[in-house]
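Only the coordinates and a few stated rules stand behind these numbers; no lab work does. Keep in mind the model is a prediction, meaning the values are calculated, not measured. With ideal geometry, Cβ positions are generated from the backbone for all residues, glycine too; neighbour counts draw on all protein chains shown.
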Amino acid sequence: MRISLLVEGDTERVFLPTLRAFLSQHLSGKMPNLVVRSYDGRIPKGDKLRRVVEDLLTKRPTPADAVIALTDVYTGSSDFTSAADAKAKMRTWVPNNDRFYPHVAQHDFEAWLLPYWSTIQKLAGHNMAAPSGRPEQVNHQRPPAARIKEIFERGKCCDSYVKPRDALRILKDNDLTAAVDACPELKNLSTPSYICQAAQPCLDRIRIGLRPPAISPANATSSVHSPRLHSSNSSR
């Protein structure tokens, strides 16, 4: 089973090994092949997102059985107002496709790091208090990335927060379960039932001897994405 994930930025690339390890614990013998297409910036939107998804679902010799797109609510633009709004818009951009699964980090990826505030304090060398409330409710005015940047710059580490480096250090020795339990949007993405749900339409077709439904060649686009790589870089 092959699932393609569209992700944005260095931090999400750092997060995927942790997600894979978490899923492997719960999907023993049933772990799908998760193939990452990462973007230097936000993932595509509008008609470009539709073309990318359709390409991944039809690209031979190894098309994806499902595509999951992960975006932040806070993209540096005013496109999205909430996780629900972002998912609704992505479904509008990629309509009538039961193998496309939009997903959202609210408000940004760093919300999923906030449950490990004691680790953040140690790495930063500062005892600044954790943001109040549930991690995914820390808002646009001072989103989670800004909170983590602030404690690093206040601390004895004498350095600012660098996403690829420090997200990895924060997650390294922590159990993802703590973030899953505290963050509903992450729970929706990372629970084994969600991943299995993404794969289920293809499993059903295999069981009754049918191929995955074809998408009109007129709507499919070419891609240089290597089907055997676990990650690839794409420009905005």
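Taken one residue at a time, the phi angles of the range 101-116 give Karplus couplings (6.51, -1.76, 1.60, θ = phi - 60°) of 10, x, 9, 9, 9, 10, 8, 9, 3, 5, 4, 7, 9, 4, x, 9 Hz. Gly and Pro are set to x. Here r is the Cβ-Cβ distance between ARG134 and CYS157 and R0 is 25 Å; the resulting FRET efficiency, rounded to 0.05, is 0.40.
Taking a ≥ b ≥ c as the square roots of the eigenvalues of the alpha carbon gyration tensor, the range 115-180 is oblate, as a/c is not under 1.5 and a/b does not beat b/c.
Going by neighbour counts of Cβ atoms within 10 Å, the residues LYS87, LYS59, LYS30 line up, fewest first, as LYS30, LYS59, LYS87.
Placing a pseudo-label 7 Å from each Cα along the Cα-to-Cβ vector at THR177 and ASN33 gives an inter-label distance of 3.1 nm.
Each of HIS103, HIS26 was scored by other Cβ atoms within 10 Å of its Cβ. Arranged with the fewest first, they read HIS26, HIS103.
Counting other Cβ atoms within 10 Å as a rough exposure proxy, the listed residues ASP79, ASP65, ASP40 run ASP40, ASP79, ASP65 from fewest neighbours to most.
When the range 115-180 is described by a simple charge dipole with +1 on each Lys and Arg Cβ and -1 on each Asp and Glu Cβ, the residue from LEU176, GLN121, TYR161 located farthest towards its positive end is TYR161.
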